[in-house]
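Enquirer: Below is the structure I would like to discuss, written out as structure tokens.
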Amino acid sequence: MVIHLFVPFSVPITTSPSPSPEMEAARESMAALVDAGLYDCAQTLGYFLVSSSPASSEAGMSMKVESLVLHGDALHGEKEFRRALSAYKQAMQYSKNIPRQATSNTRSSVTATGRSPSPNSSSLAPLNENEVKFKIALCYSALREHREALQEMEGIPSKARTLKMNLMLGKLYRISRNNRAAAVCYKECLRQCPYVFEAITALAEMGLSSKEFSLIFSQAPNRGGKAPGDSLDAQRWWNRYVEAQCCIASHDYKGGLDIYLDLMQRFPNNVHILLEIAKVEAIIGRNDEAIMNFEKARLIDPNIMTYMDEYAILLKSKSDYTKLNKLVHDMLHIDPARPETCLALAALWERKDERKALTYAEKSLRVDDRHITGYIMKGNLHLLLNRPDLAVTDFRGAQELRADLRSYQGLVRAYLALSKCKDALFTAREAMKVMHQSAKALKLVGDVHAISSSGREKARKFYESAIRLEPGFLGAALALADLHVAEGRNKDAVLLLERYLRQWADDSLHIKLAQVFAATNILSDALSHYQSALRINPHNEAAKKGLERLEKQMKGVDPDAPEEDEENEADDVDGDQDDAELL
């Protein structure tokens, strides 16, 4: 329950003298402090202004209103949103009691900040209520009270909405799942300024085509004598960028990547495009290329935080804890409060303490409850902790914000862990429909069929289709090799993996071959492939564990027999170890 503090009053308006020059000077100083970002000083000065402004005259009440708005600005700057909300509400309440002279001179003097001119002027301007409503909505939004924020924003007439107001309203409509109204606001943003990236991304995710974008851009006003469409060069690169956004939003990852790579020729060392390329590569499983591009971006801008959680997850998947450790150290130094930092810490802790990793994933969502990677990380951790029921909720949360390949993969894994094969198959087929011509989606359907012996033939067809569509997709090749082994066709599995190894020197292929050879008791070949995997990636945990198991086999020891010191293993880990020790 939100409690709004109002100061009730019923003061007769008199024609008493204006506020003293000293208080006028203090008000002007407070405005300067707020503009300079010195919110703590402004907040303290505000206490004097708010408590001393006479409220018995028109000039005094205007001073009171102006002081309350300034005090609210200072509190907002200090992130004291609930107190700022109260100050803005009180300003609105006081403003209603000031007699207004609806003259053209009065209205033209209203400032864009919600503040009136000097209170002792002969023509007092009314409070800019629309601007203060916007500030109230910002406070509600910061408090995650989105319904109240939306209600406040809807009270601003459409013709009075500025660019930032339309952008804010678009976000709120989208949070409330009113995509049609959100689209109207985002389109209006682009008509005012075609370079509002957030509006472009949102509209692309809502299904707007590149042609529809071009039509909106043609309605944008000229700035500096030129609009994006007036210059062929600007039109070309900007339309290509928007086209890439549309491709990726429609899951045409290859098309989007091709355009981004083309734009990199025009804008070399563009950190934004490098990060976008890396993120898409991470989504579609091109992990080595994604890592390389994330590292390029960090070389250009070592303090970049955008998508660094994605980079951390990739390093964790490669078991490269040296680089991951360094990345987390840097991120903690740059901004420990960012959701990306929380998720990087979750990736670092996952190997040592999955429950502690989960607390960091949850923390990332407390910081930003619309951070998609947080839901995906949380879902994967719940799967590791054998809580697929909770993982389903996490992956659905990610899909509500924006469905991508990883959320579909997570949902399928969770449903299979719950033995809900029909739900898993429905989800995999939905992914295949949404992501046309996607080898990954085809492989996902195959994974569901491969669970049962009766579905293996269907699984084989889906895996082979995925390989034909994307010959370099190692995930499908590895899954097909597993299927061969499950049906006793070890020789076919070996031939398939060796064929791939001739083209791609990948540690995962060597590990799979080693596992097949070990299962058929060809231990020397298994040893050779585990060693090859470790030469490619010395950090590969699966190769290390496989090699350790194989060495026991070669010594005639049962690799599944428990070791004597395993019982005491838990005592070796300090449960209270902090991040500094881990780093």
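Enquirer: What pairs from LYS171/LYS422; LYS316/LYS363; LYS363/LYS512; LYS171/LYS440; LYS512/LYS555 go past 29 Å between their alpha carbons? Each step should come with its number before you reach the end.
Expert: On the way: LYS171/LYS422 35 Å; LYS316/LYS363 19 Å; LYS363/LYS512 36 Å; LYS171/LYS440 31 Å; LYS512/LYS555 22 Å.
Pairs exceeding the cut-off: LYS171/LYS422; LYS363/LYS512; LYS171/LYS440.
Enquirer: Need the full-extension length gain, GLN503 to SER528, defined as separation in residues times 0.36 nm minus the C-alpha distance. One decimal, nm.
Expert: On the way: separation 25, 0.36 × 25 = 9.00 nm, distance 1.84 nm.
That works out to 7.2 nm of additional length.
Enquirer: If you place +1 on the Cβ of every Lys and Arg, -1 on the Cβ of every Asp and Glu, and leave all else neutral, what size is the dipole of region 305-418 about its Cα centre, to the nearest 20 Debye? Please list the in-between numbers first.
Expert: Working: 18 positive and 16 negative charges, 53 e Å.
Dipole of region 305-418, to the nearest 20 debye: 260 debye.
Enquirer: Right, another one. I want the local charge near LEU172. Using Cβ-Cβ distances under 15 Å, sum +1 for each Lys or Arg and -1 for each Asp or Glu among the other residues. Can you show the working numbers first?
Expert: Details: positive: LYS133, LYS135, ARG144, ARG147, ARG161, LYS164, LYS171, ARG174, ARG177, ARG180, ARG370; negative: GLU145, GLU148, GLU152, GLU154, GLU188, GLU198, ASP369.
That works out to +4.
Enquirer: If packing is taken as the average count of other Cβ atoms within 10 Å, what order do 167-174, 60-67 fall into, highest mean first? If you can, show how the numbers build up before the last one.
Expert: Values: 167-174: 23.2, 60-67: 26.8.
Result, highest mean Cβ count within 10 Å first: 60-67, 167-174.
Enquirer: When a/c reaches 1.5 or more, the comparison of a/b and b/c decides; with that in mind, is region 301-363 rounded, prolate or oblate per its Cα gyration tensor?
Expert: Values: a/c = 1.88, a/b = 1.22, b/c = 1.54.
Taking the square roots of the gyration eigenvalues as a ≥ b ≥ c, region 301-363 is oblate.
Enquirer: Something else about it: With θ set to phi - 60°, apply the Karplus curve 6.51 cos²θ - 1.76 cosθ + 1.60 along region 500-511 and write out the HN-Hα couplings as whole Hz, x wherever there is a Gly or Pro.
Expert: Here the 3J(HN,Hα) series is 5, 5, 5, 9, 10, 7, 10, 5, 5, 5, 4, 5 Hz.
Enquirer: Would you mind checking LYS254/LYS296; LYS159/LYS211; LYS326/LYS461; LYS164/LYS279 for any pair whose Cα atoms are more than 32 angstrom apart? Walk me through the numbers on the way to the answer.
Expert: Working: LYS254/LYS296 21 Å; LYS159/LYS211 26 Å; LYS326/LYS461 43 Å; LYS164/LYS279 28 Å.
Long pairs (Cα-Cα over 32 Å): LYS326/LYS461.
Values quoted throughout were computed directly from the atomic coordinates according to the rules given, and no laboratory measurement underlies them. What you see is a predicted model; the values in this text were computed from it and never measured. FYI the Cβ positions are ideal-geometry reconstructions off the backbone, even for glycines, and counts take in every protein chain you see.
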